[in-house]
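The values are calculated or read from the model by the stated rules, or taken from the named source; none is laboratory data. What you are looking at is a predicted structure, and each value in this text was computed from that prediction instead of being measured. FYI the Cβ positions are ideal-geometry reconstructions off the backbone, even for glycines, and counts take in every protein chain you see. SASA here: full protein model, heavy atoms, side chains in, ligands and nucleic acids out. Shrake-Rupley method; radii C 1.70, N 1.55, O 1.52, S 1.80 Å.
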Amino acid sequence: MTMMTPPPTRDQQEDDEMLVPHQEIADGAQPMEVVAQTEAVSTAENQQAEEIPSTSFTWTIENFSRLNVKKHYSDIFIDGGYKWRVLIFPKGNNVDHLSMYLDVADSATLPYGWSRCAQFSLAVINQIQNRLTIRKDTQHQFNARESDWGFTSFMPLSDLYDPSRGYLLNDTIVVEAEVAVRRVIDYWTYDSRKETGYVGLKNQGATCYMNSLLQTLYHIPYFRKAVYHMPTTENDIPSGSIPLALQSLFYKLQYSDTSVSTKELTKSFGWDTYDSFMQHDAQELNRVLCEKLEDKMKGTVVEGTIQQLFEGHNINYIECINVDYKSSRKESFYDLQLDVKGCRDVYASFDKYVEVERLEGDNKYHAEQYGLQDARKGVLFIDFPPVLQLQLKRFEYDFMRDTMVKINDRYEFPLQLDLDRDNGKYLSPDADRTVRNVYTLHSVLVHSGGVHGGHYYAFIRPTLSDQWFKFDDERVTKEDTKRALEEQYGGEEELPQVNPGLNNTPFKFTKYSNAYMLVYIRECDKDKIICNVDEKDIAEHLRVRLKKEQEEKEQKKKEKAEAHLYTIIKVARDEDLVEQIGRVIFFDLVDHDKVRSFRIQKQIPFNTFKEEVAKEFGIPVQFQRFWLWAKRQNQTYRPNRPLSPQEEAQSVGQLREVSNKPNNAELKLFLEVEFGLDLRPLLPPDKTKEDILLFFKLYEPEKQELRYVGRLFVKALGKPTEILTKLNKMAGFSPSEEIELYEEIKFEPSVMCEHIDKRLTFRSSQLEDGDIICYQRSPLLESADRFWYPDVPSFLEYVHNRQVVHFRSLEKPKEDDFCLELSKLHTYDDVVERVAHQLGVDDPSKIRLTSHNCYSQQPKPQPIKYRGTSDILYYEALDIPLPELQGLKTLKVAFHHATKDEVVIHSIRLPKNSTVGDVINELKSKVELSHPKAELRLLEVFYHKIYKIFPPSEKIENINDQYWTLRAEEIPEEEKSLGPHDRLIHVYHFMKDPNQNQMLQNFGEPFLFVIHESETLAEVKVRIQKKLHVPDEDFSKWKFAFISMNRPDYLEDSDVVSTRFQKRDVYGAWEQYLGLEHSDATPKRAYSANQNRHAFEKPVKIYN
């Protein structure tokens, strides 16, 4: 692998010394996303399809301290067939460091557009202790603009010139360069399966976070095998079954040759297009998906797989120092959230996780029979799971800045993780010490970007070998260990200098691509986890279904590859016109995508094709006449002329070329067949230049129907009066029926349909082959009042502008209530009149409409005026006319009864200048109070927390009930007479995410509660149980915690609750509350469905 290259000849040296590129690069590998240079450099440099041998070059520089040049070049050496040399700045490139670069020696003479990719290392050898040699490596896509790349601050000059350090010995330094030229990958033709053995997942818009997680789970074979063994049937539909969709996805990842779509899976989640374009958190999706699969696996042969793979246990303990008392609680976890901030690596995070907190001074622990005691509080692990998922806390809430921030600090993680280190300091005394908790790194999920968005991809070792692979949506590439580990640590790098000769101080910048989630597999379990998964693990019906899909896909691929050998001939007949006109289409004659098509080899004679048509339609060849279609300047498409005998004697391919553009592989034809009275086919009639083929549509205004009735040949100098009898017969009218004729001319961008003067000749009316005549009975004078669209032009105008609109009640925004066919030309009044008629409302002004947000699939916040641009509208039937309503403010208030467990929604409508006090007075007249003198208050509730108690004097004009719930309730008597030391606190229900012991989820109805001085938790619990009417059996399972900033501090019965609520006026009182921890068994309120329905960010949900 190592090769020494002899120095070039003197002539070569002299030629190349003249070619000095003035480019220079900085310390560290490459710049990052924030300056958009990681992707700017060709992505080929990021990928490696195969191992390339490297060349080693040693450069010994004598009399180094006497060098009196700014920059100094080495001899030329060859690697990968290219000329290279090393460039150094002995006194630094305007820095107090040695600057060193790899340079393309012949860059000035290379052809335009040249580029080459190389991975290389540069080193200054320590001649006393080799282990102290300084070596730095990177990679680069070299080109004319960036013909050298390396390190501006390679090593301090003070270290280099100090003889005692060992780098400069006898005034000589030794520089080493190792270069491996990498093959530049053309991603237009790149084949992931061929290059790596794996395939990627297609991105639906913003699903890279999901793709990286799915690849990680797929490459845990034990997990994949369990998914395959989930029971599904051949009658299941993937888009409606999560197990089948996941099985299908995994099968395709295992056996497909190209990247795989995730659309079936996201449809099985119940997601729509909006969800696919909403980027979520990969960690959150991991918890939700595993929870859903755990539920789906219950009662099956793979029940418990999720727990077996991912579940570990820890113990939370509090241990008194001076008395013999200890309290502990066992908890399970599916993943661990580790701090990044303030921790240099994974071990430091685990140290912090189990760090002992001392409870002393004002924070003493209240032990049951011992009172307040100094204590130690901490967490230890009982056991770790076979597959350890570590979620790195790259995103945190910054309380000073009041916003979420991304932590891009350098954070290291090892290839081998030993959680038994230091005599098992992370383990509890009860842990099984016979299990060795030594883990090997399986995958690294990376987030590139900032807090508001970015890109996800994953580095995975599917078999735990030394070979890593990068899974970046559709593309899979081979990677080395350094790229998967060290380059994902985060931290800072040095920005490259643009002009190396100038006085540019190196600039450090933050790397925004870093590890976000780590997956480790325990060494003693890896043979079980990294197991063999083959076709016998896959259900027979699934194999049959997916192989059929694959065969169809291959057939389409084959047809596409052979498309240049074939012509697609689409044949329209009278039967197609009868079937389509008035049903599928109204303008022109036919939708060619809905007629019979033939795939014919281009060299086949057209007459042979006619025999194929004869077999298909039962029309002998001699009775067939084919017409070519032509697209006219007004964008209509009509039969233009019949094929000549000479054309029919040609091959299919030649005929296509004369009839269409060369790049169009389709030939559209109209098959004319004439029938006798006995319905047997006849020979086509002779056609001269004087014969015109016209097509006829009949309009019946009383039915609002348009249909195709046939075609006729007419003489150019003939008149419509000569064919009226035939037209009446075609329509089923009496021979003497008066009819009106109209020519359908065009329909885009507007309809043009003109009346035909029956006394003029067809030529005078400018009618030609393929033209369309629409006719109807001559309208009577009163028909204009009797029919919505009394004539052909008005009907075609209506059809052109009509739109089917789905109406939904604003109270049930997910359910279609009814549909109406409206016109884009309708006014707001026209629309509400039709809606009022549909609903049976006497006054149309009592209808209010709200438009549809196509992104959130929800109503927009405010009612609108109809503009004919949406196919979904929401309606409300009001009790007063809309103009009157617009002077009023309507609030939806949820009234909570004081003694009954019921919530009733009331609409309070008052003038806009009214106050909250007016709302309360209005509400009193509508609700049942517990006693006549009861007082009410109005609260603002959002996501199960109380955010505001409205003062009675506040104006209602600015109160918004679209985003949060307005709640009204009676003020309890005890709150009206608070003592000087009594406290009114917030009490909320909460539970922990089943997969994450740090995340709290509030639910249920929050409430305010009075606590008294010196009142213990045991006394408070009695009053809370009485208030909430909770049975003893259920209440005994509840836990109580003081919660501040979403961090729970569990209370004991003997704790004095009021001591925890020290500050009276805390901004954000809703973030400091008494938490009631229990499972959510309460029925969901009807009004909660609309809560926050216009939010821009939604949690990850899997609905099915």
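Those residues that are within 22 Å of L372 (Cα to Cα) and either open to solvent by less than 40 Å² (accessible area, probe 1.4 Å) or part of a strand (DSSP E or B) (or both), I need them from the stretch 306-327; list them, please. If you could, list the steps in order and put the result at the bottom.
Of the stretch 306-327, the ones within 22 Å of L372 (Cα to Cα) are 316-327.
Across the stretch 306-327, the qualifying residues are N316, Y317, I318, E319, C320, V323, Y325, K326, S327.
Annotation: of all residues in the stretch 190-216 being within 24 Å of Q391 (Cβ to Cβ), touching a residue at least 60 places away in the same chain (Cβ under 8 Å) and among the hydrophobic types (A, V, I, L, M, F, W, C), the one that is surrounded by the fewest Cβ atoms within 10 Å (Cβ to Cβ) is A206.
Would you confirm whether or not the stretch 556-567 contains a residue that is basic (K, R) and in contact (Cβ under 8 Å) with a residue 40 or more places away in the chain?
Restricting attention to the stretch 556-567, the residues satisfying the condition of being basic (K, R) are 556-558, 560.
Right, trim to in contact (Cβ under 8 Å) with a residue 40 or more places away in the chain and you get none.
For the stretch 556-567, residues basic (K, R) and in contact (Cβ under 8 Å) with a residue 40 or more places away in the chain: absent.
Taking the stretch 670-753 and the strands (runs of 3 or more DSSP E) fully enclosed by it, the elements with 1 or more residues that are within 56 Å of the chain's Cα centre (by Cα) and free of Cβ contacts under 8 Å to residues at least 60 places away in the same chain are at 705-715, 739-746. V95 meets the conditions (1) closer than 30 Å to D472 by Cα; (2) open to solvent by less than 60 Å² (accessible area, probe 1.4 Å); (3) hydrophobic (A, V, I, L, M, F, W, C); (4) at pLDDT below 90 in every case but one. The failed one is (1). What about A894, is it touching a residue at least 60 places away in the same chain (Cβ under 8 Å), touching a strand residue (DSSP E or B) at 6+ places or on another chain (Cβ under 9 Å), outside the structural domain of E811 (by the TED database) and among the small types (G, A, S)? In short, yes. Name the pairs: first residue in the stretch 944-955 and at negative phi, second residue small (G, A, S), Cβ to Cβ under 8 Å, at least 6 apart or on different chains? Going by the 8 Å Cβ cut-off, the qualifying pairs are P952/G917; S953/G917; K955/S914.
All of (1) of a type outside the set (K, R); (2) under 17 Å from the mean Cα position of the chain (by Cα); (3) open to solvent by less than 20 Å² (accessible area, probe 1.4 Å) hold for S248 with one exception: (2). For the stretch 365-401, the set of residues classified as surrounded by 15 or more Cβ atoms within 10 Å (Cβ to Cβ), part of a loop (DSSP other than H, G, I, E, B) and basic (K, R) consists of R394 only.
If a residue has to be within 18 Å of E487 (Cα to Cα) and surrounded by 17 or more Cβ atoms within 10 Å (Cβ to Cβ) to count, how many in the stretch 130-153 make the cut? Spell out how you get there, then give the answer.
At the first step, the residues of the stretch 130-153 found to be within 18 Å of E487 (Cα to Cα) are 135-141, 149-151.
With the extra rule that they be surrounded by 17 or more Cβ atoms within 10 Å (Cβ to Cβ), the set shrinks to 136, 138-141, 149-151.
Residues that pass the stated criteria total 8.
Scanning the stretch 165-189 for residues that are surrounded by fewer than 18 Cβ atoms within 10 Å (Cβ to Cβ), out of contact with any helix residue (DSSP H, G or I) (no Cβ under 7 Å at 6 or more places or on another chain) and modelled with pLDDT under 90 yields R183, D186, W188, T189.
Going by the conditions given, is K758 modelled with pLDDT of 90 or more and open to solvent by 30 Å² or more (accessible area, probe 1.4 Å)?
Details: modelled with pLDDT of 90 or more: yes; open to solvent by 30 Å² or more (accessible area, probe 1.4 Å): yes.
When the stated conditions are applied, K758 passes them.
Which one is farthest from F670 (Cα to Cα) among residues in the stretch 573-609 that are of a type in the set (K, R) and open to solvent by 80 Å² or more (accessible area, probe 1.4 Å)? Within the stretch 573-609, the match that is farthest from F670 (Cα to Cα) is R583. Residues in the stretch 453-493 that are within 18 Å of M210 (Cβ to Cβ), of a type outside the set (D, E, K, R) and modelled with pLDDT under 90: 4 in all. Would you pick out the residues in the stretch 197-214 that are over 13 Å from the mean Cα position of the chain (by Cα) and under 16 Å from Q247 (Cβ atoms)? The answer is L214, and nothing else.
How many of the residues in the stretch 141-169 are polar (S, T, N, Q) and free of Cβ contacts under 8 Å to residues at least 12 places away in the same chain? Walk me through it before giving the result.
First pass over the stretch 141-169, keeping only residues polar (S, T, N, Q): 141, 143, 147, 152-153, 158, 164.
Then drop every residue that is not free of Cβ contacts under 8 Å to residues at least 12 places away in the same chain, which leaves 164.
Selection size over the stretch 141-169: 1.
Of everything in the stretch 802-836 that is among the polar types (S, T, N, Q) and open to solvent by 20 Å² or more (accessible area, probe 1.4 Å), the residue that is nearest to P883 (Cα to Cα) is T827.
Picking from residues in the stretch 553-607 that are under 30 Å from S794 (Cβ atoms) and among the acidic types (D, E), the one that is farthest from the chain's Cα centre (by Cα) is D574.
Residues of the stretch 513-542 that are free of Cβ contacts under 8 Å to residues at least 24 places away in the same chain and assigned to a helix (DSSP H, G or I): D527, E535, K536, E540.
Could you tell me whether E969 is assigned to a strand (DSSP E or B) and of a type outside the set (A, V, I, L, M)?
It is true that E969 is assigned to a strand (DSSP E or B) and of a type outside the set (A, V, I, L, M).
Considering only residues in the stretch 910-923 that are surrounded by fewer than 16 Cβ atoms within 10 Å (Cβ to Cβ) and in contact (Cβ under 8 Å) with a residue 12 or more places away in the chain, the one that is farthest from E884 (Cα to Cα) turns out to be N913.
The strands (runs of 3 or more DSSP E) located wholly in the stretch 53-120 that include 3 or more residues which are aliphatic (A, V, I, L, M) occupy 82-89, 97-104. Against the condition part of a strand (DSSP E or B), modelled with pLDDT of 80 or more and either in the same structural domain as N728 (by the TED database) or in contact with a Lys or Arg (Cβ under 6 Å, 6 or more places away or on another chain) (or both), how does Y775 come out, does it pass? Yes; evaluated as a whole, the condition is true for this residue. Would you check if E647 is in contact with a strand residue (DSSP E or B) (Cβ under 7 Å, 6 or more places away or on another chain), in the same structural domain as K758 (by the TED database), among the charged types (D, E, K, R) and touching a residue at least 12 places away in the same chain (Cβ under 8 Å)? No; evaluated as a whole, the condition is false for this residue.
E612 meets all of the listed conditions (1) in contact with a strand residue (DSSP E or B) (Cβ under 9 Å, 6 or more places away or on another chain); (2) open to solvent by less than 60 Å² (accessible area, probe 1.4 Å) but one, namely (2). Of the strands (runs of 3 or more DSSP E) lying entirely inside the stretch 862-945, the ones with 2 or more residues being under 44 Å from the mean Cα position of the chain (by Cα) and at pLDDT below 80 are found at 872-877. Got at least one residue in the stretch 618-630 being modelled with pLDDT of 90 or more, open to solvent by 30 Å² or more (accessible area, probe 1.4 Å), over 20 Å from K687 (Cβ atoms) and not acidic (D, E)? Yes, the stretch 618-630 contains at least one residue that is modelled with pLDDT of 90 or more, open to solvent by 30 Å² or more (accessible area, probe 1.4 Å), over 20 Å from K687 (Cβ atoms) and not acidic (D, E).
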